[in-house]
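Student: Take a look at this one; I'll ask things after.
The values are calculated or read from the model by the stated rules, or taken from the named source; none is laboratory data. As the structure is a computational prediction, the values presented were derived from the model and not from experiment. Counting neighbours? That spans all protein chains shown, and the Cβs are built from the backbone with ideal geometry, glycine included. These accessible areas exclude ligands, DNA and RNA; they are computed on the full protein's heavy atoms, side chains included. Shrake-Rupley method; radii C 1.70, N 1.55, O 1.52, S 1.80 Å.
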Amino acid sequence: MTIKTDGLILDIDGTIWNTTGVVSGAWNKAMDSLGYDAPKTNPSLLQKEFGKPMNVIADDLWPSLSQEQKELLMEKCCVFEQAALEQNSDDISYPTVRSGILELSKRFKIYIVSNCQSGYIELTCKKNGIEKFVSDHECYGNTKKGKADNLRLLIGRNKIKAPVYLGDTQGDADACKEAGVKFIWASYGFGSVKECEAKVERFDQLLDLLQNLD
């Protein structure tokens, strides 16, 4: 099977790398700094939440907090998270991601769309050494829009004719269906999906799966 495309759009968490170990520790420190009586996070819990918009994650993790407290806590979590990821020296990317992106960039334009906060995509690209291979990106933090809307925004401004999206959750699949984008499931990631155009068990399997649009 092959899929023809002129633009590969990537998810981040559960697709490019797994930050849940680093992030859970950072978020717990953020909670301690505010003194909130709220449940602590852990990597397995965050794997079930990552991929959702930041406000939805806050609602899921801390239902007992007020809206104002959730917003303040999530803002603090993002600050602590960015700092922890900046300082992290462990390799938390999935196998063959960096080499795969390098090879794919020779054939296709590569983009990123994520439900993350502003600045997270730039940090991801920097820490993974892929800045020069990513042509454009969009996220929830910039637009306060969901993934389907952000896919449409990025596809429209880059005039992508046959986009494909690589993600790991049902939320990714649903957003792609809503936006009319072919969805490839990264089965090595956090979630499971009901339907997909294709699946990959390693990132570098995209090299044989994708072909240039004629």
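Student: In angstroms, what radius of gyration and Dmax does the chain have, counting Cα atoms only?
Tutor: 16.9, 58
Student: A further question follows. At what distance in nm do the modelled label points of LYS132 and LEU72 sit from each other, each positioned 7 Å from its Cα along Cα→Cβ?
Tutor: 4.5
Student: Based solely on C-alpha atoms, express the radius of gyration and the Dmax of the stretch 92-139 in angstrom.
Tutor: 10.5, 29
Student: Given C-alpha coordinates of the stretch 66-177, what is the ratio Rg to Rh with the Kirkwood estimate of Rh?
Tutor: Values: Rg = 15.2 Å, Rh = 15.5 Å.
Radius of gyration relative to Kirkwood radius: 0.98.
Student: Please compute the net charge surrounding PHE183, taking Lys and Arg as +1 and Asp and Glu as -1 over other residues with Cβ under 12 Å from its Cβ. Please list the in-between numbers first.
Tutor: Numbers: positive: LYS147, LYS177, LYS182, LYS194, LYS199; negative: ASP11, ASP168, ASP172, ASP174, GLU178, GLU195, GLU197.
My count for the surroundings of PHE183 gives -2.
Student: If packing is taken as the average number of other Cβ atoms within 10 Å across a peptide's residues, how do 82-91, 134-143, 17-26, 109-118 rank, most packed first?
Tutor: Details: 82-91: 12.5, 134-143: 18.9, 17-26: 20.4, 109-118: 22.8.
Top to bottom by mean Cβ count within 10 Å: 109-118, 17-26, 134-143, 82-91.
Student: A follow-up question, please. Please give the peptides 151-161, 172-182 ranked by average Cβ packing (other Cβ atoms within 10 Å per residue), highest first, as a rough proxy for protection. List each step's numbers first, then the result.
Tutor: Details: 151-161: 16.6, 172-182: 20.4.
Result, highest mean Cβ count within 10 Å first: 172-182, 151-161.
Student: Moving on. With a probe of 1.4 Å, find how much accessible area the chain has per residue, and write the answer as a whole number in Å².
Tutor: Roughly 46 Å² per residue, with all protein chains present.
Student: I'd like the distance between the alpha-carbon centres of the stretch 101-116 and the stretch 133-173, rounded to an integer number of Å.
Tutor: 11
Student: Can I ask one more? Between LYS145 and SER99, 0.36 nm times their residue separation minus their Cα-Cα distance comes to what?
Tutor: Working: separation 46, 0.36 × 46 = 16.56 nm, distance 3.11 nm.
Stretched fully, the LYS145-SER99 segment lengthens by 13.4 nm.
Student: I want to check the label-to-label distance for ASP60 and ASN88. Put each point 7 Å from Cα in the C-beta direction and report it in nm to one decimal.
Tutor: It works out to 1.8 nm between the two label points.
Student: For ASP204 and LYS4, what does the FRET efficiency come to when R0 = 25 Å and r is the distance between their Cβ atoms, rounded to the nearest 0.05? Walk me through the intermediate numbers first.
Tutor: On the way: r = 19 Å, r/R0 = 0.75.
Efficiency at R0 = 25 Å is approximately 0.85.
Student: Moving on to the next point. Starting from the Cα gyration tensor of the stretch 24-76, multiply each eigenvalue by 5, take the square root, and state the resulting semi-axes largest first in whole Å.
Tutor: Numbers: eigenvalues 49, 36, 17 Å².
Each semi-axis is the square root of five times an eigenvalue, giving 16, 13, 9 Å.
Student: Rg(Cα) of the stretch 123-214 divided by 2.2 N^0.38 Å? Can you show the working numbers first?
Tutor: Values: Rg = 13.5 Å, N = 92, 2.2 N^0.38 = 12.3 Å.
Ratio of Cα Rg to 2.2 N^0.38 Å: 1.10.
Student: Hey, another quick one. Report the label-to-label distance for SER192 and GLN170 in nanometres (one decimal), using points 7 Å from each Cα along the Cα→Cβ vector.
Tutor: 1.0
Student: Could you tell me the number of lysine pairs in the stretch 1-76 with C-alpha atoms less than 27 Å from each other, where the two lysines are 8 or more residues apart or belong to different chains?
Tutor: 13
Student: Ignoring ligands, DNA and RNA, how do MET74, MET1 rank by accessible area with a 1.4 Å probe, largest first?
Tutor: On the way: MET74 15, MET1 145 Å².
Of MET74, MET1, the descending order of accessible area is MET1, MET74.
Student: If you don't mind, another one. For the stretch 38-108, what size does the Cα cloud have along each of its three principal axes, sorted from largest down, in whole Å?
Tutor: That gives 48, 25, 20 Å along the principal axes, largest extent first.
Student: Sticking to Cα atoms, compute the Rg of the stretch 1-55 to one decimal and its Dmax as the biggest Cα-Cα distance, whole number, in Å.
Tutor: Calculated on Cα positions, Rg and Dmax stand at 15.8, 53 Å.
Student: Over the chain, what percent of the accessible surface lies on carbon and sulfur atoms, probe 1.4 Å? Walk me through the intermediate numbers first.
Tutor: On the way: 4700 of 9920 Å².
Looking at the chain in its full context, I get 47 percent from C and S.
Student: While we're here: Evaluate E = 1/(1 + (r/R0)^6) for ALA162 and SER44, where r is the Cβ-Cβ distance and R0 equals 30 Å; express this FRET efficiency to the nearest 0.05.
Tutor: On the way: r = 36 Å, r/R0 = 1.21.
My answer for the efficiency is 0.25.
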